[in-house]
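Before any comments, here is the structure.
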Amino acid sequence: MDKEDKRRYFIVGSVYLEVVTPLFQHKLEENYKGLNFGCLKDFLDDKAAIHILFHLRHRHTKCCTDSVNCTKHRSLPLNHHQWKQLYAENPGPGKQNCFCKYIAKSVKLKHLDVSLCGLILFNCCNLGKLEQEAVNILRRNKNDYLSHNTTCGITKDEYGPLMDELQTNILQLDQTKEDELIRIHNRPLDDALFTKYVTYLLDNHEMLRRDVDLGFITNSSNSTLMRRIGKPIFTRPHQIDLKSVVCNGLSAYVSDIVMMNDVRLVICLPYQCTLQICNDDGSKEDRILINVVNNVSVAVTMHYKSIEIFDIDNKTKIKSILVPGMCWLRGIATINNKLVVGGNYTVQIVDYQTGEVVKRIKTESDPYKLHCTGERIFYCDAYQNSNKKLHFYRYTDESHHTMSFESPPVSVTTLNDGSVYVLLKDGSIDHVPFGGKQYNTVTTNGLQKLKRLVLYKSNQGKLVTLGDSPECLMSSMRKHSFLNISFLNENIVSLVR
């Protein structure tokens, strides 16, 4: 790819992420507040908005209420991921699929990307004719030049007319943006920022297709694959000193951590019997004492075979699920809206709504540090000193697979393209392509010789890392009966005790 083509793509992408996105977010907020909605959730819960968005996602559906306003669309511009970001299922007594079976999530405006924000703005808001046309053109150009552009380049002939049209329509929405556009137009190419922006600008399936073209899945271009795998993907915007979040001393030990959809971090502090909630900048938000429910201590007999589910926003424990044969040390994950826990050479899949164990899977080693993505359940060996294999079970065809490494794996996370980051006991991270057996060690600055834990949050494009040694993790966890944590949905987490 020509370097200038790449720079032009970078400039246009910067305009969309740094100017158009906050502009759309501001316009959407201005609109729903003008309609006397106190927050985005209230607006999305309004019958008019949810009905419109429902039919932008569901085809050939006649709703049980307000059927006169049902619409049919030849295409479905609201994709599955976007719909799940906005709404959760709230089943009612009716049998048919209808918008009344869904309820808006507490999504924050800043977490709507430019495509989703523009879609809501165009379809659900009261815009003037010129504003609506400007929003439509900006959405169209993002789709035409960025969302499906797997070459990540824009030619000189395309660039001039495109930038003129972007400027005209951005200024139609906000006359104060001209200086920002000039600043971005004159910036040099920043390769690290370019790589970061590509992950936000390409649609998820296009990101995968781009990687397939580079050899992530096919074996025909393996040399291209190995040049790409392990290369820098992430930049580190900031680092959180956990001393500002938790207490000093032994009680500051962190056994697990998850990131919610709104990028809040939920940190397990077993010595304090606490779930600490903080923002991604490290500022404290709240905490939940997990050893007390209605002023009664949780029974010790539950510690080795109980899953406890908490509502983070309401700071309430929703339920406890007893799972015979489950071991707290193995970890917890989710697949197909069900919980996955480990036991003695066994993985169990639990329906958290009914408490029923729906499947028991015999494993080839003692499972540890469970991780699920798509149809795959990954696990390391609990006895890491001798086993240098990462195991995974494919849920759809019930097949078992392994990958071998130079050092024993201690944790794993998957990226948007299906490739895998594997943290090894020696502190390095290996990057494995989807469906591949070969790998390269990650060279990203700040990720060499990582000491502990990686997790990737796909809807935010963020990788969270946590310091400390794998040896300390193992020895500390054997002394205490909790806890590993898993994210269920918008504001619900589950943990094992």
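Note on surface exposure: H26, H401 rank H26, H401 by accessible area, highest first, 1.4 Å probe. Rounded to the nearest 20 debye, the dipole size of region 307-384 about its Cα centre is 60 debye, using +1 on the Cβ of Lys and Arg and -1 on the Cβ of Asp and Glu. Distance between the pseudo-spin-label points of D190 and C39 (7 Å out from Cα toward the beta carbon): 3.2 nm. Each other residue within a Cβ distance under 11 Å of I349 adds +1 if Lys or Arg and -1 if Asp or Glu, for a net charge of +1. Length gained on full extension, D46 to S67: 6.0 nm, using 0.36 nm per residue less the C-alpha separation.
Take every Cα pair under 8 Å whose residues are at least 6 apart in sequence, average their separation, divide by the length of region 1-133, and the relative contact order is 31 percent. Rg over Rh for region 1-134 works out to 1.03, using Cα positions for both radii and the Kirkwood form for Rh.
The values are calculated or read from the model by the stated rules, or taken from the named source; none is laboratory data. Since the structure is predicted, the reported quantities are computational estimates derived from the model, not experimental observations. Quick reminder, even Gly has a Cβ in these numbers, built from the backbone with ideal geometry, and neighbours come from all protein chains shown. Only protein heavy atoms, including side chains, enter the accessible area calculation; ligands, DNA and RNA are left aside. Shrake-Rupley method; radii C 1.70, N 1.55, O 1.52, S 1.80 Å.
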